[in-house]
Amino acid sequence: MDIRVYNEETHQYALDLIKNDGVIVAPSVTNYGVFCSATSAKGIARIFEIKERTKFG
C-alpha cells in the first residue's frame with residue numbers, strides 16, 4: 001500500500017496504476033471509492049478480493 005497526497009505527480013501515478021491493472025482507493029465527501037480499469041479482469045478480480053466478495057468470473 002502506498003499513501004500519497006494528491007498533486008499532479010500522484011495523479012499521473014494513479015493513472016499509470018490503473019492502466020497497468022492496478023487498483024486505487026480515493027476519498028470522496030462521504031466515503032472511499034475503489035477504482036480500476038473497467039477493462040481489466042485483474043483489476044476487477046483484485047477489487048473482489050479486497051472487498052472479500054465471491055470470486056469474479
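Read-outs: derived from the displayed coordinates by stated rules, not from any lab. Please read all numbers here as calculations on a predicted model, not as lab measurements. Note that we place each Cβ from the backbone using ideal geometry, even for glycine, and neighbour counts take in every protein chain shown.
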Gained length - residue 9 relative to residue 31, 0.36 nm times residue gap less alpha-carbon distance: 5.6 nm
Mean residue ellipticity (222 nm) of the chain, computed from DSSP H runs ≥ 4 via -39,500 (n - 2.57), nearest 500: -11500 deg cm²/dmol
Helix 41-50 axis, angle to the chain major axis (alpha carbon atoms, nearest 10°): 90
Prolate/oblate/rounded label for the chain (Cα gyration tensor, a/c 1.5): oblate
Net dipole in debye of the chain [+1 Lys, Arg Cβ; -1 Asp, Glu Cβ; about Cα centre; nearest 20]: 320
In degrees, nearest ten, helix 8-19 long axis to first principal axis of the chain (Cα): 20
